[in-house]
Structures are given as C-alpha cells and as structure tokens.
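See below for the structure under consideration.
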Amino acid sequence: MRLSDCHNFSDFRRMAQRRLPGPIFNYIDGAADDEVTYRRNTESFESCDLVPNVLRGVGEVDMSVTVMGQKLAMPFYCSPTALQRLFHHQGERAVARASAKYGTMFGVSSLGTVSLEEARKISSSPQVYQFYFHRDRGLNRAMMQRARDVGVEVMMLTVDSITGGNRERDKRTGFAIPFKLNLAGMLQFALKPAWAINYFTHEGFKLPQLDEHVDMGGGTMSISRYFTEMLDPSMTWDDVADMVRQWPGPFCLKGIMSVEDAKRAVEIGCSGIVLSNHGGRQLDGSRAAFDQLAEIVDAVGDRIDVIMDGGVQRGTHVLKALSLGAKAVGVGRYYLFPLAAAGQPGVERALEQMRVEIERGMKLMGCTTIGQLSRENLRFR
Ligand SMILES: Cc1cc2nc3c(=O)[nH]c(=O)nc-3n(C[C@H](O)[C@H](O)[C@H](O)COP(=O)(O)O)c2cc1C
C-alpha cells in the first residue's frame, strides 16, 4: 500500500496498521473501556444533515478563521498528542512543518518527543502548548515560563485526565513507556522489522518537555507513574484561575463538557474551551463533543471561543461543527495515522485532503466564508 492509495481516514488508518507494530497501532487506535464514546464521536456527525443553498456565486472560497486571537488559514488544527516519534521518526517535526505549510495551528504535548523550542523554530504557525497540572506549583510556573520564553501563543490545559483512562488494548499488549511488552507484544514488534530499523536508527526516545524535571527518558519514571505521582488530582478552579492570571496570552481548557464548567471557564478569564472527551480515551460513556456542542455554544458562545474535537474524519464533519457554532475543530488520529503511515508527506496529504473537502463542501453549501455557515444549514434527524 502506498501513500497515493490513501484517499480518506480509513485508508491512512489501514496503511498505518500495516506499518506499525500492533501495540503502537493499538495505542493510537484504542480508547477507554468498551470504546463506546470513541465510536459515538464519529457517529454523532450522522445525527444531522446539511441543507445546502445554491446559486450563490461561490467562485472564491475563504475558509480562514480567527480563534483565540490566532488567524488560521483553515478551520481545523492538529490537536496535541503524545509520543509522536514513536509513530514515525519525524514525529512532531513533521506535524509542525505540515501545519506551517497549511497555515494552521498545532499542539505540542507535555508528553511530546520534540522540544517546544525546536517546534517553534520549525514552524511560524500558532503553537499550542498542552499542559498538565503538577503537584509542584514551582514546576508549573517554570514550565509556563519556558513556554513564554519560547514564544508559544496558546496555553492549553488538559482537564479531562485527572487520572488515566482504562485502555484495555494497552493492557493486553503491555504497551507502556518505558516498554514493558509481554510476549505477545514482543512478537508484534518482531513482525514489523521495518518499523524497528527506522526507530532504532534515529535519535533515541526523549520527552524534552519533562526530561529537565522528571527522569522519564532514562526509564526510572514511567508515564503511568508520572500521571499518578506528579500530576495533581486535587487541582481546582482556583488553581487554574492562578495559571490564567500568570499566562500573558490566550489560555484554553481542553476537556470541558458541561455548561457549568464552560461558564466557570469564562469567569476565570479563559479565551477558549475545547469540548473534548480526549478521543474517547478517558471517560468511556461520556458524551460526544459534537452532541454537546449546541448546548455549550448557546450558553457561552458569545463570551468565549468554543472549539471541539473528537471523531472528525471528513470536511463535512468540520462544516457541521462550524454550523453549530464552533470556532474551529481539532483533529487527532486524523493526522496521526498519516504520520505513522508516511511521516511528513502523509500529514501533508491528509491536511490537503481535508482542505479540499472543506472547500468543496463550502461551495456545495453555497458559502464563501465560514461566517456564512449557521444552524439554518443543519437539520437534526
Ligand atoms: C495517540 C494519542 C495521544 C494523545 N495524547 C494527548 C496528550 O498528550 N494530551 C492531550 O491533551 N490530548 C491527547 N490526545 C487527545 C487529542 O488531543 C484529541 O483530543 C483527540 O485525539 C481527538 O479525537 P480524535 O483522535 O478522534 O480526533 C491524544 C490522542 C491520541 C489518539
């Protein structure tokens, strides 16, 4: 299978599955418990249909949006995800370059495998730093200062991961950092020697956002111990309000789902909220962001930028979310499978396909700007 055979999400997913050892593929593809929320995320877009207008002169289409003060050439961005160099040796570098080429925002995870500094040098696109809240407040301040020095535009605090989700696929394969593979897991690696050669002939595994503070790469601290020992489950709204005050730019909470929380995010001065269930990887049974979107937009959409992610695989999914009132849409696996399949050319191809789908969709909907999309264009079944 070649990159030119990939025309949609499923094709990229299949190509990634062929290249990756099973435990790594399942780490990306998997979600929590019975994966009900994961499935619903994409299905939720089928609960409504688009109602197009015609004969509106759609020769030129402008799909740019401004979200949290950042101008994006396209209304979707690459949501922060962990461990990207494990999927392909180019990792975050590929995603930063592809995002720059397409003029969109990209996130670097706290568990990213390329440093904030390097990502900043690679890309002039708006850069998000995805942050977890540590017990050690000094550490939080130091990490925020570092992001500030680097010139990160948007601080994004993930609030849906106060404890790890129950990812049973990872338990079955023994996927963990550092690797703790069981026999079956090891066999899966042996079956994909090309991945192993690629991985072991490039620079070693590192988590540069954390390495200064936690000895993760060296193997003494596992990611699951990082979550249980270093992150603070007693974090409250007051703690976050302090962080918002300290950060000079736009501050965004990722993983808000309730109207009550959305209102509190407004009260403490956040610029944006991302409705998200972490791609179904945390609380299984939680609502899909798209199902919850209208309720949140109605409550706070005039006071804060409402963004959503989860299950987005098509340009029409993006158009439906924007029609309901989202300011932009995040994608995760949509670019991770292409990254795993083919590195930077894979991510670029995926971004280009989404761009083309949105442009085509807008023309067929009779829209020349994103502002023309509204709930008039949508009917729920
Ligand atoms: C492999 C993987 C790793 C992720 N790592 C992080 C992370 O480190 N921090 C974070 O806030 N979200 C993380 N996410 C969640 C994404 O940012 C995003 O919310 C989610 O992938 C959206 O769902 P989608 O994959 O269906 O597009 C991760 C998702 C995946 C699939």
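What follows is calculated from the coordinates using simple rules that are stated; it is not laboratory data. This is a predicted model, so every value here is computed, not measured. Don't worry about glycine lacking a Cβ; one is built from the backbone with ideal geometry, like all the others, and counts go over all protein chains shown.
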Practice task
Could you list L319, L183, L139, L293 in order of exposure, starting from the residue whose Cβ has the fewest other Cβ atoms within 10 Å?
Solution key: L183, L139, L293, L319
Fill in the blank from the handout: Across C252, C48, C367, the residue with the highest GNM fluctuation in the chain (Cα network, 10 Å cutoff) is C48
Practice task
Please give, to one decimal in nm, the separation of the simple spin-label points placed at E229 and D302, each 7 Å out from Cα toward the Cβ.
Solution key: 5.1 nm
Exercise for the section: Give the calculated FRET efficiency between E212 and V61 to the nearest 0.05, with a Förster radius of 41 Å applied to their Cβ-Cβ distance. Expected result: 0.35
Exercise for the section: Could you order peptides 258-264, 115-121 by the average number of other Cβ atoms within 10 Å of their residues, highest first? Expected result: 115-121, 258-264
Completion exercise
Check: C-alpha center segment 293-312 vs C-alpha center segment 69-102, spacing in Å is 22 Å
Practice task
Send over the Kirkwood Rh of segment 248-297, from the inverse of the averaged 1/r over different Cα pairs, rounded to one decimal Å.
Solution key: 11.3 Å
Problem - Computed label-point distance, nm, for sites T369 and V54 using a 7 Å Cα→Cβ extension - result: 2.6 nm
Practice task
Determine the sum of side-chain charges near G69: Lys and Arg each +1, Asp and Glu each -1, restricted to other residues whose C-beta is under 10 angstrom from that of G69.
Solution key: -1
Problem - Set of aspartates and glutamates with alpha-carbon distance to K101 below 20 Å, sequence-local pairs under 8 removed - result: D62, E92, E117, E118, E153, E348, E352, E357, E359
Practice task
Go ahead and set up a Gaussian network model of the chain, Cα springs under 10 Å, then flag whichever of P208, P250, P193 fluctuates most.
Solution key: P193
Exercise for the section: Would you work out if segment 332-381 is rounded, prolate or oblate? Take a ≥ b ≥ c from the square roots of the eigenvalues of the alpha-carbon gyration tensor; rounded if a/c is under 1.5, else prolate when a/b is larger than b/c, oblate otherwise. Expected result: prolate
Practice task
Before anything else, pin down the relative contact order of segment 109-153: Cα pairs under 8 Å, at least 6 apart, normalised by residue count, whole percent.
Solution key: 51 percent
Fill in the blank from the handout: Amide H neighbours of G366 at under 5 Å, excluding residues fewer than 5 places away on the same chain, with H built from the backbone geometry, are N53
Handout entry: Cβ-based net charge around A94, under 12 Å, with every Lys or Arg adding one and every Asp or Glu removing one
Key = +3
Fill in the blank from the handout: Percent antiparallel among DSSP beta bridges confined to segment 75-167, nearest 5, equals 0 percent
Fill in the blank from the handout: Among beta bridges assigned by DSSP with both residues in the chain, the antiparallel ones amount in percent, to the nearest 5, to 20 percent
Fill in the blank from the handout: Least to most buried among M144, M1, by other C-beta atoms within 10 Å and fewest first, runs M1, M144
Problem - Ranked L83, L207, L378, criterion: other C-beta atoms within 10 Å, fewest first - result: L378, L83, L207
Practice task
Multiply the residue separation of R18 and E117 by 0.36 nm, subtract the distance between their alpha-carbon atoms, and state the gained length in nm to one decimal.
Solution key: 32.4 nm
Problem - Estimated vicinal HN-Hα couplings, Hz - segment 354-368 in sequence order (Karplus 6.51, -1.76, 1.60; Gly, Pro = x) - result: 5, 4, 5, 5, 5, 4, 4, x, 4, 4, 5, 8, x, 10, 10
Fill in the blank from the handout: Distribution output for the chain: share of Cα-Cα pairs per 10 Å bin in percent, first bin at 0, values 5, 24, 36, 25, 9, 1, 0
Handout entry: If the convex hull is drawn through the Cα atoms of segment 92-232, its volume per residue in Å³
Key = 131 Å³
Exercise for the section: Sort 225-233, 299-307 for me by packing, meaning the mean count of neighbouring Cβ atoms within 10 Å per residue, highest on top. Expected result: 299-307, 225-233
Handout entry: Compactness of segment 21-157, expressed as Rg and Dmax over alpha-carbon positions, Å
Key = 18.2, 59
Fill in the blank from the handout: When the chain is treated as a Gaussian network with springs between alpha carbons less than 10 Å apart, the largest mean-square fluctuation among R245, R13, R85 is found at R245
